[in-house]
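Visitor: What follows is a structure written as structure tokens; I'll ask about it next.
The values are calculated or read from the model by the stated rules, or taken from the named source; none is laboratory data. All values derive from a computational prediction rather than experimental measurement. Positions of Cβ are backbone-derived with ideal geometry, glycine not excepted, and every protein chain shown enters the neighbour counts. Protein only, heavy atoms only, side chains kept; ligands, DNA and RNA dropped before computing areas. Shrake-Rupley method; radii C 1.70, N 1.55, O 1.52, S 1.80 Å.
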Amino acid sequence: MISNQVLQTTLDGLKAISRVDLCVLDTEGVMLATTFSEAEEFRDSVLAFANSPADSQVVSGCQFFKVFDDHQLEYILLSNGNSDDAHMVGRMAAFQLQSLLVAYKERFDKDNFIKNLLLDNLLLVDIYNRAKKLHIDTEARRVVFIVELDHEKETAPLENIRALFGARSDDFITAVDEKSIIVVKELGEQDSYADMDRVAEMILDALGEEKKQEALVAYGTIVGEIKEVSRSYKEARMALNVGKIFFEERKVIAYSTLGIGRLIYQLPIPLCKMFIKEIFDGKSPDDFDEETLTTINKFFENSLNVSETSRQLYIHRNTLVYRLDKLQKQTGLDLRVFEDAITFKIALMVVKYMNYMESQEY
């Protein structure tokens with residue numbers, strides 16, 4: 001169904017060109033859009049015309065036209081005046097509404113197809129058959145972006161993103177829940193992941209400065225066939241979730257950059273608890289004081305470089321060595337040894353993951 005706003009804009013545009021007043025009503029005589037207030041007087045005539053076999057008619061100096069959607073009566077169009085010009089404008093307006101119905105129906109069909117494709121609700125044979133009917137290229141390179149917002153049921157961000165990609169009929173913008181906007185973007189042969197980062201930044205900018213601060217954009221890997229689009233969507237969804245846990249400072253998260261966080265995210269919680277118990281002997285890194293945690297994080301940031309870490313912490317090298325020795329006594333892990341450092345880093349990430357999953361349960 002075409003929105004009343006679109007109907008009104010269409011009638012206003014046609015009147016500006018033809019100087020003929022127009023009105024659109026539904027089959028029950030309810031006015032949907034109009035350029036002249038007197039149209040209300042024709043309500044009873046509209047109901048009679050809707051039930052008549054005629055496709056067009058002149059009633060009380062006004063032209064009446066029926067607009068069908070697949071042989072189903074959808075609208076009654078009024079063209080004010082009984083001149084040849086009013087008749088011609090009325091026929092043109094009816095044709096325009098008919099075209100809008102077809103376009104909106106095709107868009108709705110494509111939107112449904114893309115949603116079902118993303119959610120793996122289609123058989124392989126159905127994917128290719130429906131794509132062919134909807135004139136969608138099955139072998140184009142594509143990638144899926146997910147835009148997550150803090151607030152639900154807002155239409156402005158969706159419309160802003162649609163406007164950003166509006167000129168490209170090969171891109172699809174839809175939503176599968178109330179907080180996420182999905183962009184299925186078709187790519188050229190030379191488009192790379194660096195280009196995807198730029199597209200993600202463009203999406204954030206399109207949201208406006210206020211919405212940009214609270215939004216996250218994640219995207220999956222580039223796929224070469226339409227049947228693989230759902231995989232890119234799942235990857236983007238995982239990137240969004242993993243990014244919230246391990247990359248809180250990022251506004252754009254790519255699946256290909258998740259690293260070890262992607263593996264940890266797929267671990268069962270009981271296995272994580274067992275691992276932490278083995279490493280820390282029943283303790284938790286959350287029990288470390290703030291000074292110790294700051295020292296550990298800065299040491300990792302500087303690739304286990306003692307001199308650089310002590311310089312950035314504004315402490316003497318011996319003080320840092322003392323803290324590392326103290327940590328080794330507590331955990332049995334020496335962060336100056338590469339293997340121990342890796343074990344400790346993974347353990348910290350596992351704890352972060354466990355805490356996040358625990359918070360999602362409440």
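Visitor: Give me, ordered by chain and number, the residues 5 or more places off Phe247 or on other chains with an amide H under 5 Å from its own placed amide H.
Guide: none
Visitor: Projected onto the charge dipole of the chain (+1 at Lys/Arg Cβ, -1 at Asp/Glu Cβ, origin at the Cα centre), which of Val199, Thr221, Val89 gives the Cα projection farthest towards the positive end?
Guide: Comparing the listed Cα positions along the dipole, Thr221 ranks first.
Visitor: Also, I was wondering about something else. What FRET efficiency do you get for Asp12 and Ala48 if R0 is 25 Å and r is their Cβ-Cβ distance, rounded to the nearest 0.05?
Guide: Once the sixth-power term is evaluated, E becomes 0.35.
Visitor: With +1 on the Cβ of every Lys and Arg and -1 on the Cβ of every Asp and Glu, and nothing else charged, how large is the dipole of the range 119-269 about its Cα centre, in debye rounded to the nearest 20?
Guide: Magnitude of the dipole: close to 400 debye.
Visitor: Moving on to the next point. Roll a 1.4 angstrom probe over the protein heavy atoms and tell me the percent of accessible area of the chain that is carbon or sulfur.
Guide: Of all accessible area on the chain, carbon and sulfur atoms account for 50 percent.
Visitor: Can you tell me the relative contact order of the chain? Whole percent, Cα pairs under 8 Å, sequence separation 6 or more.
Guide: 10 percent
Visitor: Using a 1.4 Å probe, what is the accessible area per residue for the chain, in Å²?
Guide: 55 Å²
Visitor: Here's another thing I want to ask about it. In deg cm²/dmol, rounded to 500, what helix-only [θ] at 222 nm does the chain give when every DSSP H run of at least 4 residues adds -39500 (n - 2.57) and the total is split over its residues?
Guide: Taken over the chain, the calculation gives -17000 deg cm²/dmol.
Visitor: Assigning unit charges at the beta carbon (Lys, Arg +1; Asp, Glu -1) and nothing else, what dipole magnitude in debye, to the nearest 20, does the chain show about its Cα centre?
Guide: Dipole of the chain, to the nearest 20 debye: 1180 debye.
Visitor: Given Gln63, Thr257, Asn80, which one lies farthest toward the positive end of the charge dipole of the chain, if we put +1 on the Cβ of every Lys and Arg and -1 on the Cβ of every Asp and Glu?
Guide: Thr257
Visitor: In the full protein assembly as shown, how much of Arg262 is accessible to a 1.4 Å probe, in Å² to the nearest 10?
Guide: Roll a 1.4 Å probe over it and Arg262 shows about 70 Å².
Visitor: Another question, then. Taking the highest mean first, how do the peptides 85-98, 62-75 order by number of other beta carbon atoms within 10 angstrom per residue?
Guide: Working: 85-98: 18.5, 62-75: 16.9.
Those peptides, ordered most packed to least, come out 85-98, 62-75.
Visitor: Can I ask one more? Whenever you get a sec, line up Tyr314, Tyr193 from highest to lowest accessible area (probe 1.4 Å, protein heavy atoms). All intermediate terms of the calculation are to be shown ahead of the outcome.
Guide: Values: Tyr314 205, Tyr193 85 Å².
Highest to lowest solvent-accessible surface, that is Tyr314, Tyr193.
Visitor: Additional query: So in the chain, what percent of DSSP beta bridges are antiparallel if you round to the nearest 5?
Guide: 90 percent
Visitor: Using alpha-carbon positions, what is the distance between the centroids of the range 21-49 and the range 334-362, in Å?
Guide: Using only Cα atoms to place each centre, the spacing works out to 67 Å.
Visitor: Can you list which of the trypsin sites (Lys or Arg not before Pro) found in the range 1-48 are DSSP loop residues with at most 16 other C-beta atoms within 10 Å?
Guide: Arg19
Visitor: Now for a separate question. Rounded to two decimals, what is the ratio between the C-alpha radius of gyration of the range 82-134 and 2.2 N^0.38 Å? Each step should come with its number before you reach the end.
Guide: Numbers: Rg = 17.9 Å, N = 53, 2.2 N^0.38 = 9.9 Å.
Cα Rg divided by the expected 2.2 N^0.38 Å: 1.80.
Visitor: Probe radius 1.4 Å, ligands and nucleic acids left out: which of Val46, Val30, Val59 has the largest accessible area, and how do the rest follow? Intermediate results must be reported in sequence, preceding the final value.
Guide: Details: Val46 0, Val30 70, Val59 25 Å².
Descending order: Val30, Val59, Val46.
Visitor: Then there's this: Treating only the Cβ of Lys, Arg, Asp and Glu as charged (+1, +1, -1, -1), what charge dipole size does the range 277-335 show about its Cα centre? Round to the nearest 20 debye.
Guide: 240 debye
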